[in-house]
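The values are calculated or read from the model by the stated rules, or taken from the named source; none is laboratory data. Only a predicted model underlies this, so the values are computations on that prediction, with no experimental measurement involved. Ideal geometry is used to build each Cβ from the backbone, glycine not excepted, and the neighbour counts take in all protein chains shown.
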Amino acid sequence: MSDHDHHHDHQAVPSDPTLRVKALESLLVEKGLVDPAALDALIDTYEHKVGPRNGARVVARAWIDPAYKQRLLADGTAAIAELSFGGAQGEHMRVLENTPQIHNLVVCTLCSCYPWSVLGLPPAWYKSTPYRSRAVIDPRGVLREFGLELPEDIEVRVWDSTAELRYLVLPERPPGTENMTEDELAALVTRDAMVGVAKVSPRA
Amino acid sequence: MNGVHDMGGMHGLGPIEYEKDEPVFHSRWEALSFALNIATRAGRKWNIDSGRHEIELLPAADYLRMSYYEKWAARLEKLLVKSCLVTESEIASGQPAPDSPKATPAVTADQVPKMLRTGALASRDIEVEQRFQIGQRVRALNINPEGHTRLPRYARGKIGEIHLHHGVYVFPDTNAHFRGENPQHVYSVRFTARELWGNQASPRDAVYIDMWDDYLEPA
């Protein structure tokens, strides 16, 4: 790389992202390319409206309604839309069922693909290089870091989200929850369980 | 491109750092970086694939050093300049050039719910030949394009089995470079962990990778 290019690369990366993003925002607002109220609406959506509670509702419904679960596994997008969830980064959904024999784990090794419509925006660890690099080569080691030790005889299936399909794990319903309502069940379901790095515990 | 973003199977990137009760955004600038990217995407000057590729084009050292939403901000600057929506000097100064035209109407707050609710379908409802069937043995091609691809290095040359058929989708390798959508069938291909990583891997485990027709050949 030439000295000129070298200089250029570093110039393009100011050290303080706060200033950099503020400057970009004011430039784009002044140029009429973005509307500040639209930015606030976007932020508010993912801070307060669209998050893992959506996915938890889907899981709880699947646990109490076998016909719904069947539809969910056959056509994830359509079944999730029955609960009024869908849209951006949930246009093409596949639901993966964990069983006593099979454990599913979702990753995006190439970037950060994640089912926003049911889980919201991804946490930092999901987007991080340690998770992205190792989930495919050492899923059991990764799960151990999350505190989940899987017996040898369990089959681990890792799903690398390389296309526009978005994956949601349907965790196993924990024992001792037979008498719980759908709302109580939904409260047990965590984001991590729906990515596949945890199981659902019977107590919230 | 064989960039540092294609990191599946790498060692040495450290332990997973888990933040308990992590907020959606850690600061206002992270939220803004996200929202600016989404709001400007609606202008349709670029697509999801070219947007991803722009992050891959960041210098490798920056890619590894920068936080997630820093990369998004850097990517957006590049996209805006390449699309002639802003100039390098406007980015540098933070001020619009005196003679710069006012842009076409931006996305408004009341359009946001519908925009997110609708999303953007990557599937295409057209007839294209389906080259592979569920259960068929396939080999992922050993290709090393300098441009965008969603065929990860760790799977190239490896043999797998068609596990699911997803339908017809836009092909990122051409779409990212504005060379057409080239829609084709996409499958989930099952690769055993041992095929990918050798005998150190569990004999039971497998990795399922979504792949387009053009990534595969019969095996």
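For the reader, a short list of remarks on this structure follows.
- The listed residue being crowded, with 24+ Cβ neighbours inside 10 Å, within 14 Å of another protein chain (Cβ to nearest Cβ) and more than 11 Å from the chain's Cα centre (by Cα), out of A:Pro130, A:Pro115, A:Pro139: A:Pro139
- Odd one out for A:Tyr167 among (1) touching a Leu at 6+ places or on another chain (Cβ under 9 Å); (2) more than 24 Å from B:Leu151 (Cα to Cα): (2)
- In summary, A:Trp125 fulfils each of the numbered conditions (1) assigned to a helix (DSSP H, G or I); (2) over 15 Å from B:Tyr18 (Cα atoms) with the single exception of condition (2).
- When A:Glu145, A:Glu164, A:Glu155, A:Glu97 are checked against the criterion of being at pLDDT 95 or above, facing chain B (nearest Cβ under 7 Å) and under 23 Å from A:Ala79 (Cα atoms), a single residue qualifies: A:Glu164.
- Hits in region B:26-42 (condition: touching a residue at least 12 places away in the same chain (Cβ under 8 Å) and either more than 7 Å from chain A (Cβ to nearest Cβ) or closer than 25 Å to A:Ser133 by Cβ (or both)): B:Glu30, B:Ser33, B:Phe34, B:Asn37, B:Ala42
- Only one of the numbered conditions (1) surrounded by fewer than 17 Cβ atoms within 10 Å (Cβ to Cβ); (2) in contact with a strand residue (DSSP E or B) (Cβ under 8 Å, 6 or more places away or on another chain); (3) within 13 Å of another protein chain (Cβ to nearest Cβ) is violated by B:Gly135, and that is (3).
- Unique match (being modelled with pLDDT of 90 or more and outside the structural domain of B:His177 (by TED's automatic domain parsing)) among B:Ala103, B:Ala42, B:Ala109: B:Ala109
- Qualifying residue in region B:95-104 (condition: in contact (Cβ under 8 Å) with a residue 40 or more places away in the chain, over 30 Å from A:Arg140 (Cα atoms) and part of a helix (DSSP H, G or I)): no
- Sub-8 Å Cβ pairs linking a first residue in region B:110-121 that is closer than 9 Å to A:Ala41 by Cβ and more than 7 Å from chain A (Cβ to nearest Cβ) to a second residue that is of a type in the set (S, T, N, Q) and assigned to a helix (DSSP H, G or I), at least 6 apart or interchain, are B:Pro113/A:Thr45, ordered by first then second residue.
- When B:Trp72 is tested against (1) under 25 Å from B:Thr118 (Cα atoms); (2) of a type outside the set (Ser, Thr, Tyr); (3) surrounded by fewer than 22 Cβ atoms within 10 Å (Cβ to Cβ), exactly one condition is not met: (3).
- Taking the numbered list (1) free of Cβ contacts under 8 Å to residues at least 60 places away in the same chain; (2) more than 12 Å from A:Leu170 (Cβ to Cβ) in turn, A:His92 passes all entries but (1).
- A:Leu33 in contact with a helix residue (DSSP H, G or I) (Cβ under 7 Å, 6 or more places away or on another chain), within 7 Å of chain B (Cβ to nearest Cβ), modelled with pLDDT of 95 or more and within 25 Å of B:Lys78 (Cβ to Cβ): no
- Residue within region A:5-18 that is more than 11 Å from chain B (Cβ to nearest Cβ) and either modelled with pLDDT of 95 or more or surrounded by fewer than 16 Cβ atoms within 10 Å (Cβ to Cβ) (or both) present: yes
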